[in-house]
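Presented below is the structure to which this report refers.
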């Protein structure tokens, strides 16, 4: 048995809330059981849905998607909104806050919300509903009063965006550059104003042109953190390899939508719908509409693409914890919350523990 994400340990027992270990006994020879890995729980900072549920649909849907992703190794998450009228955003955030403050059995812990929009560039919406608008400090204050918003994605070239970035960063909220047509200079100005990272790197942003570099170039040259969707559809493995060389704090998100874990068909993404065919979800015009990715699948993909297992695990646990400023999650060490994923030699999830309680398989299974 191997433990990644801390020192080498074997479990003595999982206690609610914290992690309790004993060191491996010197000279211990494992029996005939297949090799297993004990990993820190995965932390997904950008997830719209899963198991047929969409984060915009309120508390019951958020609990459903939190249970679905927990079975795939996600032990903490930020349910993520899409562009919508203010009333719909308020409803979604109220549901997220209800799950954050009253966690239920079998659920990944909701740490807060990721507000993706509505302050996005209409030219770079991708599959986002057409409700983008300019930054509105009054609206933002109203939304912040409803829920613990941990991450905000916005387009820094919009009027008033830099002032909002400074305000949010000063309040300890991670601002990410995304759904943007910013020039390189505009993206750098956002970083200097306090923006902390980039949303689904390469996707829905100005790119890498050698004559007119945009936001993606700024991410590769100037950013310490960025999220990336490791499903093999949103970003080629070679582009992930480049980003890993350039961005020390590159971490994985699923950007999963309601279609994740479901049969082929049409599923919600806010007011819009996407069609799942195989591993892809697309709008009628062919635009990618989120993903069907789960964190365990992302880990397998990274390893298949040549990323060392310990480094791949860090991209799903330690790095997102570091980015969000979490000191009690993201690694396996005494005093950390007992968020643990047990995988077999083929990296198939066997057990998942959230704060010491088994959520997969369910304790009554």
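Within segment 221-242, restricting attention to residues that are without any contact (Cβ under 8 Å) to a residue 60 or more places away in the chain and surrounded by 20 or more Cβ atoms within 10 Å (Cβ to Cβ), which residue is nearest to the chain's Cα centre (by Cα)?
If we take residues in segment 221-242 being without any contact (Cβ under 8 Å) to a residue 60 or more places away in the chain and surrounded by 20 or more Cβ atoms within 10 Å (Cβ to Cβ), then 228 is nearest to the chain's Cα centre (by Cα).
Specify which of the listed residues (279, 264) is over 17 Å from residue 128 (Cα atoms), in contact (Cβ under 8 Å) with a residue 40 or more places away in the chain and surrounded by fewer than 18 Cβ atoms within 10 Å (Cβ to Cβ).
Exactly one of 279, 264 is over 17 Å from residue 128 (Cα atoms), in contact (Cβ under 8 Å) with a residue 40 or more places away in the chain and surrounded by fewer than 18 Cβ atoms within 10 Å (Cβ to Cβ), namely 279.
Any idea which of 35, 59 is touching a helix residue (DSSP H, G or I) at 6+ places or on another chain (Cβ under 7 Å) and surrounded by fewer than 24 Cβ atoms within 10 Å (Cβ to Cβ)?
59
Using the structure shown, decide if residue 158 is within 23 Å of the chain's Cα centre (by Cα), over 19 Å from residue 111 (Cα atoms) and crowded, with 18+ Cβ neighbours inside 10 Å.
no
Quick grid of which residues meet (1) within 17 Å of the chain's Cα centre (by Cα); (2) crowded, with 24+ Cβ neighbours inside 10 Å:
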{"residue": "69", "(1), (2)": "yes, yes"}
{"residue": "91", "(1), (2)": "no, no"}
{"residue": "105", "(1), (2)": "no, no"}
{"residue": "111", "(1), (2)": "yes, no"}
{"residue": "119", "(1), (2)": "no, yes"}
{"residue": "132", "(1), (2)": "no, no"}
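For segment 165-185, what are the residues that are over 20 Å from residue 244 (Cβ atoms) and in contact with a strand residue (DSSP E or B) (Cβ under 8 Å, 6 or more places away or on another chain)?
Hits for segment 165-185 are 165, 168, 169, 173, 174, 175, 179, 180, 181, 182, 183, 184.
Considering only segment 251-308, how many residues are more than 13 Å from the chain's Cα centre (by Cα) and at positive phi?
Result for segment 251-308: 6.
Hey, among the residues in segment 161-206 that are under 20 Å from residue 89 (Cα atoms) and within 19 Å of the chain's Cα centre (by Cα), which one's surrounded by the most Cβ atoms within 10 Å (Cβ to Cβ)?
Per the criteria, the residue is 199.
Does residue 271 count as under 20 Å from residue 126 (Cβ atoms), surrounded by fewer than 22 Cβ atoms within 10 Å (Cβ to Cβ) and out of contact with any strand residue (DSSP E or B) (no Cβ under 9 Å at 6 or more places or on another chain)?
So residue 271 fits the description; yes.
Scan segment 321-355 for residues that are over 21 Å from residue 309 (Cα atoms), modelled with pLDDT of 95 or more and outside any strand (DSSP E or B) and jot them down.
If the condition is that a residue be over 21 Å from residue 309 (Cα atoms), modelled with pLDDT of 95 or more and outside any strand (DSSP E or B), then 324, 325, 326, 327, 328, 337, 355 are the ones that fit.
Can you pull out every residue in segment 23-56 that is over 30 Å from residue 270 (Cα atoms) and modelled with pLDDT of 50 or more?
Scanning segment 23-56 gives 31, 32, 33, 34, 35, 36, 37, 38, 39, 40.
If you go through segment 182-199 one residue at a time, how many are closer than 15 Å to residue 124 by Cα and touching a helix residue (DSSP H, G or I) at 6+ places or on another chain (Cβ under 6 Å)?
Residues in segment 182-199 being closer than 15 Å to residue 124 by Cα and touching a helix residue (DSSP H, G or I) at 6+ places or on another chain (Cβ under 6 Å): 3 in total.
The values are calculated or read from the model by the stated rules, or taken from the named source; none is laboratory data. This structure is a prediction, so every number in the text was calculated from the model and none was measured. We place every Cβ from the backbone using ideal geometry, glycine too, and count neighbours over all the protein chains shown.
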